[in-house]
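Here the structure is laid out as C-alpha cells; the discussion comes afterwards.
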Amino acid sequence: MKRTIVIGLTLATLWSCQTKKNYKTEADTFLKTYSAEYQKLYTASAEAEWASNTKIVEGDSANAIATRKANEAFAAFTGSKENIQQLQDLLQHKEELSEIQVKQLETALRVAANNPQTVAEVVKSRIKAETEQSEKLYGFDYKLNGKSVTTNRIDEILRTETNPTKRLEAWQASKEVGTVLKSGLVNLRNLRNKTVQALGYDDYFSYQASDYGMKREDMMDLMRKINQELKPLYRELHTYARYELAKKYGVNEVPDMLPAHWLPNRWGQDWSAMMEVEGSNLDQVLKPKGAEWQVKQAERFYQSLGFPALPAIFYAKSSLYPVPAGTNYKKNNHASAWHMDLEHDVRSLMSVEPNAEWYETTHHELGHIYYYLTYTNPDVPLLLRSGANRAYHEAMGSLMGLAAMQQPFLANLQLVNKEAKTNQVQSLLKEALNYVVFIPFASGVMSEFEHDLYAKNLASADFNKRWWELALQYQGIVPPNERGVKYADAATKTHINDDPAQYYDYALSYVILFQLHDHIATKILKQDPHATNYYGNKEVGKFLASIMYPGASADWRQVLKDKTGEDLSARAMIAYFQPLMDYLKAQNKGRKYTI
C-alpha cells in the first residue's frame, strides 16, 4: 500500500512535469526576441534625437518629424498591449525564473509604463510635445542688448563680470526662454502623468522614483535628510558669499538673501567661480592648449587607469565643440553623453572651450562614456545596460571631475606649479562652493518643485511663485526684480523639460561620489582625500571598473555596501569639508546669519 502510493505520486509528479510550462525557457525566448527589437528601435530613436540636438534649423521641421516618428515606433513596441500582457504573465511566475530574468522583465515593464499603448493617443501627444519643447528650448535666440548671444557667453559674463548692471542684464536674458516654454511644460506635465497612470502609477514623479525601488514620499524624505545634514555648512557658505560678494560689487549694506544675479551661475547651483585658488589660474593655463587638448587629456586620464582608448566612432560622430560663427544652425549646448545602440557606438554632445569649467566637464562626460563601454559586456543583458541606478552614472562622472581638479593631479599634468604651496582651505572653499552649494538646489529646489508639479498638479499661475519660494527656503536666494506670472524661471533649467522629475539623481550622485572618493583615497591610494592623484593608478581603475561592470544587473544598495563598506550616507561628504568649517566660522564672526 505504502509502495503503491509512492509510485502513484511519482508518476503524477512526472506527468505534471511533462505538462507544466517551463517558464524559464519561455522567458528566455521572449527576452531574446524582445531585446533584439528593443535595440533596433532604441537605436533609431537615439539617432533621430541626436540629429534633433546637433542640428537645429529655424523653420525646418524635418528633424522634429523624424524624431517624433522614431520615438512613436519605440513607444508602440515597448508599450504594446501584447508585450505588457506577456511581461505581466511571466512576472506572475517570478519564483520560477532566475533573478536576472526577473530584472529584465521588470525593466521592460517599467519602460512600458512610460509608453502604454492602452492610451496610445496620449503617448503620441506626449512624444510630439517633448519634441516641440526641445526645439523651443535649444533653438531659442537669446538676446543681450538687442544682439543674439550664446548661453556660453551668458555663463562667461556671470562668471567674470563685476558690474552688477551688466550681470543683471545677462541674468535676465537667460530667463526669457522660460516665457516660451511655460505652456509646453503644463502640457507635458499633464501628458506625462496620464501616460504612467495608465499602468497604475500615481503620477510621473512617483514613476521616476520607482527606478530606485522607492516610493515618492521616501525619496523626498531622503532629499530632506541630506539637506539637513549639510545645512550647517551651507549656512556658513551662504553667509560668507553674501559679505564677500557685497564687497566685490561695492554694496555697503549686505543683503539678508543673495540676489540671484550676483551669483556666477544662472540658477545659483554652482558658486565656485567666486574663488580663485592662489597659484592656480586654470583658465589662463588652459586657454592656449585649446579645446581639443581637454577632450584628449580626459581620455588619457581614463587610459592611465587601465581603461581602453575610446572607440574611433566616438571622435567620428560626437559633437564636441561650439557651432562655428556664421553657421545657419544651432545645437544643444548642454553637455551630455549618449549610448546610441547599447553597444559600442558612444558619443558626447558638448561645446568645449578651453577653460576650467569645460576641463572638468570633459572628465565628467567621459565618465558616462566609460560606464557605457564597461557594462557593455556579455554578462550584462541589453536591457540592463544602464547604471546601478541613475545616480551612479552621475556619481562616476562627478567623481572623475573632482579627481581631475585636485592639486596633485593638476601638478602632475603641469597645469599648476608643483613647487607652489597650495592653500588647502582655499581649495576646499572652491570645492564646497560647487559640491555643497549644489545640494540645496538639486535635492531642495528642483526636487520639491518637480514633486509639486507632478504629484500636486501645481497650477501654472503658481510656477514662479513656488520656484522662488523654494529658492528662498533652500538656497537663501531671491530674484533681483519682480518675477510675475508670465515668467517660468523653473523651465529655463534644461532638465525640467527633458530628463524630468529626477534631479535628485544629481544630489544622490554627490553623496555617492564622496563615499567612493573617500574609499579610493584612504583604502587604495593611502592619500589625503583633499590632495589625491588618481592618475596612472591601475588599482583605482579596477575598483571603478568593478562597480561599472554589472550595470543594472546588481542591486545599487548592495553595490555600495560591498564596495565601500557602508550604506548610503553623507558622512564622507561632511568629513571631507569638515576642515573648512573652522575657517568659515572665523571669517563669519560678527556677521549676520540669515538662514
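Restrict the check to the range 434-441 and report whether at least one residue is modelled with pLDDT of 95 or more and at positive phi. Scanning the range 434-441, I find no residue that is modelled with pLDDT of 95 or more and at positive phi, so the answer is no. Set side by side, the residues 209, 246, 241 differ, and just one is in a helix (DSSP H, G or I) and touching a strand residue (DSSP E or B) at 6+ places or on another chain (Cβ under 7 Å), which is 241.
Please report, ordered by residue number, the helices (runs of 4 or more DSSP H) entirely within the range 99-184 with at least 1 residues that are closer than 20 Å to residue 204 by Cα and touching a residue at least 60 places away in the same chain (Cβ under 8 Å). Steps first, please.
Numbers: elements: 99-113, 120-138, 151-160, 164-175.
Here the list reads 99-113, 120-138.
When residue 180 is tested against (1) among the β-branched types (Val, Ile, Thr); (2) in contact with a helix residue (DSSP H, G or I) (Cβ under 7 Å, 6 or more places away or on another chain); (3) modelled with pLDDT of 95 or more; (4) crowded, with 18+ Cβ neighbours inside 10 Å, just one condition goes unmet, and that condition is (4).
The range 1-95 holds helices (runs of 4 or more DSSP H) entirely within its bounds, and those carrying 2 or more residues that are modelled with pLDDT under 95 and buried (at least 18 other Cβ atoms within 10 Å of the Cβ) map to 23-54, 62-78. Whenever a residue of the range 290-307 is assigned by TED's automatic domain parsing to the domain that holds residue 414 and outside any helix (DSSP H, G or I), its partners that are at pLDDT 95 or above and of a type in the set (A, V, I, L, M), lying with C-beta atoms within less than 8 angstrom and at least six residues away or across chains, give the pairs 305/540; 305/544; 306/545; 307/373; 307/545. Against the condition at pLDDT 95 or above, surrounded by fewer than 20 Cβ atoms within 10 Å (Cβ to Cβ) and touching a strand residue (DSSP E or B) at 6+ places or on another chain (Cβ under 8 Å), how does residue 257 come out, does it pass? Criteria met by residue 257. When restricted to residues that are of a type in the set (A, V, I, L, M) and under 20 Å from residue 505 (Cα atoms), the range 198-212 contains 1.
Might you let me know whether the range 362-372 holds any residue that is in a helix (DSSP H, G or I), without any contact (Cβ under 8 Å) to a residue 60 or more places away in the chain, aliphatic (A, V, I, L, M) and within 15 Å of residue 301 (Cα to Cα)? Within the range 362-372, one or more residues are in a helix (DSSP H, G or I), without any contact (Cβ under 8 Å) to a residue 60 or more places away in the chain, aliphatic (A, V, I, L, M) and within 15 Å of residue 301 (Cα to Cα).
Yes/no matrix, rows are residues, columns are (1) aliphatic (A, V, I, L, M); (2) under 21 Å from residue 144 (Cβ atoms); (3) in the same structural domain as residue 504 (by TED's automatic domain parsing):
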{"position": "168", "(1), (2), (3)": "yes, yes, no"}
{"position": "176", "(1), (2), (3)": "no, yes, no"}
{"position": "179", "(1), (2), (3)": "no, yes, no"}
{"position": "182", "(1), (2), (3)": "no, no, no"}
{"position": "186", "(1), (2), (3)": "yes, no, no"}
{"position": "194", "(1), (2), (3)": "no, no, no"}
{"position": "197", "(1), (2), (3)": "no, no, no"}
{"position": "201", "(1), (2), (3)": "no, no, no"}
{"position": "205", "(1), (2), (3)": "no, no, no"}
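Against the test of being aliphatic (A, V, I, L, M), over 29 Å from residue 136 (Cβ atoms) and over 18 Å from the mean Cα position of the chain (by Cα), the options 310, 366, 320 yield a single qualifying residue, 310. Among residues of the range 525-538 that are within 22 Å of residue 430 (Cα to Cα), those with a beta-carbon under 7 Å from a residue that is of a type in the set (D, E, K, R) and surrounded by 15 or more Cβ atoms within 10 Å (Cβ to Cβ) at least six positions away or on a different chain give the pairs 529/518.
Identification of helices (runs of 4 or more DSSP H) wholly contained in the range 378-478 with 1 or more residues that are within 18 Å of residue 514 (Cβ to Cβ) and touching a helix residue (DSSP H, G or I) at 6+ places or on another chain (Cβ under 8 Å) yields 390-404, 407-412, 424-439.
Of all residues in the range 290-314, those being closer than 21 Å to residue 350 by Cα and either in contact with a helix residue (DSSP H, G or I) (Cβ under 8 Å, 6 or more places away or on another chain) or of a type in the set (Phe, Trp, Tyr) (or both) number 13.
The values are calculated or read from the model by the stated rules, or taken from the named source; none is laboratory data. Given the structure is predicted, the values throughout are model-derived calculations rather than measurements. Positions of Cβ are backbone-derived with ideal geometry, glycine not excepted, and every protein chain shown enters the neighbour counts.
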